[in-house]
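One structure is given here, and the rest of the page talks about it.
Quick note: the coordinates plus some simple rules give every number you see, no bench work behind them. Keep in mind that this is a model prediction, so the values were computed, not measured. Quick reminder, even Gly has a Cβ in these numbers, built from the backbone with ideal geometry, and neighbours come from all protein chains shown.
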Amino acid sequence: MAREKWGTKLGFMLAAMGSAVGLGNIWRFSFVAGNNGGGAFLILYLAFVLLIGVPLLLTEVSIGRKAESDVVGSFQKLAPRTPWYLTGFFGIASAFLILSFYAVVAGWAIFYLWNYINGSFFTSPEVGYDGAFGQFISHSWHPIAWTAFFMILTIVIVLSGVKKGIEGANKIFMPLLALILIGLAFFSLSLDGAAEGVRFLFQPNWAAFSEPSIYIAALGQAFFSLSLGMGAMLTYGSYLRKENKLPSAALGIGIMDTFFAIISGLVIFPAVFAFGIDPSSGPPLVFITLPSIFEQMPFGGMIGMVFFFALVLASLSSSVSILEVPTAFFMRIFGWSRFATSVLMGSIMFVMGIGVSLGFGIWSGVTPIGERNILDSMDYIASNILLPLGGLSMALLMGWYLKRSVALEATDLTRSPLGSLWYFIVKFVAPVLILLIFLNKIGLFL
Ligand code: PHE
């Protein structure tokens, strides 16, 4: 059976940007930056996006395009009879871990959308947004129903095929989300006390750099936000035609994704300080900050509705890229239909999502890693460990296993002056940095 292909290069760009831009830019960026002291985290995150993220994005997409297979198959094709294909299984494991909590958080966003549509959220509840949100997420089945709804939407898009399902919607809603965020940032910056939020985000607290966990947090955020290391970009790359040029696409996606993150920071942190919210509130951070912003705004109810609509769509264009990773793999090895495979994979992830959701309610005492609840633990393993390891393996494949000329050819860099720079980064800089960050975290340098 012929593999599917993107209709146009623009189709690929939109899908890849859609994969990158999602809850990671708004929800995850804000709470991870908030937990890790703001400014110092931002500097590291930007450095990692530029130094490691964009070059590895080009690497990952090129591996997929060259091999024209899924995460496991691509490594088997390019590096036969080596253990490289294990990277693919790490990617599949990350896809299960990440989508099962992603769907829970996206479910929260759909619940907000629903409340803005029927007008019930706009009046400040007696317990405050903080309390109202806490009651909602700790409910035994209510948030799970929204998770199910989001998962069904994701499955429906994936089962209708990459092209039809994904290419269209992003064209309208990504620009819309950008516009709303920019507008919200101006509003947030005009609040009393906003300056403190701006300082928090941009003024690094130098002492924070001595903390090993901030490096791993910034690395994990760079990978998560760029959809890197799991094979999502690899799988999307495998649907590309050879004639599409990749380096500018990778840079474009990197810039776009970072832009969304910084604007979200400019929406959230001024408001966090203006409303006296704790920046280290963790995963609930944006969900307790945003309603306070909308409440203060003229037409806030309307704007809140459009914002959450755009956010849900942005999340969907990311979640489909995650579900596509195991779907493409299992379709190939077992010869199952796209329909059966995506339904089965999505259902397993949903069942895992039930556990994630209960982690905010009856299972809130379950802390698999340190103080982390179920969501935070799964996120930690997937985003901070598995994704960077996946990226490391891809860099080593390009930098050390394939010949230099083959690597440059695969990335369309043969005749570019940037070729040597990219090659140097994937061969030395990225692997060394990732290893140092891991070793540092394990405490090897203490
Ligand atoms: N990058 C997506 C986001 O920011 C999440 C994602 C992670 C998608 C890993 C694919 C792979 O929301």
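Quick notes
- Volume of the Cα convex hull of the chain, divided per residue and given in Å³: 136 Å³
- Going by neighbour counts of Cβ atoms within 10 Å, the residues Ile152, Ile303, Ile26 line up, fewest first, as Ile152, Ile303, Ile26.
- Dipole axis of segment 173-280 (+1 Lys, Arg; -1 Asp, Glu on Cβ), positive-most option in Phe202, Ser280, Pro247: Pro247
- Note on Lys242: aspartates and glutamates with a C-alpha under 20 Å away, same-chain residues under 8 apart excluded, are Glu4, Glu60, Glu68, Asp70, Glu167, Glu409, Asp412.
- Folded to 0 to 90 degrees: helix 285-296 orientation relative to the chain principal axis, Cα: 50 degrees
- For a paramagnetic label modelled on Phe299 (point 7 Å from Cα along Cα→Cβ), amide N atoms under 20 Å away belong, within segment 241-285, to 267.
- Neighbour-count order for Ser190, Ser74, Ser138, fewest beta carbons within 10 angstrom listed first: Ser190, Ser138, Ser74
- Relative to the dominant Cα principal axis of the chain, helix 247-274 is inclined by about 20°.
- For the pair segment 137-198 / segment 376-446, the C-alpha centres are spaced 30 Å from each other.
- Separation in nanometres of the label points that stand 7 Å from Cα toward Cβ, at Phe424 and Ala47: 1.8 nm
- Annotation for Trp114 and Ile362: the two label points, set 7 Å from Cα along the Cα-Cβ direction, are 2.0 nm apart.
- Helix axis angle, 39-48 relative to the chain longest principal axis, alpha carbon, degrees: 20 degrees
- Extension gain, Lys245 back to Ser190 (0.36 nm per residue minus Cα-Cα distance, nm): 15.6 nm
- P(r) histogram, all alpha-carbon pairs of segment 177-266 included - 10 Å bins from 0, percent: 13, 32, 32, 17, 6, 0
- Put a dot 7 Å past the Cα of Tyr401, heading toward its Cβ, do the same for Lys171, and the two dots end up 3.8 nm apart.
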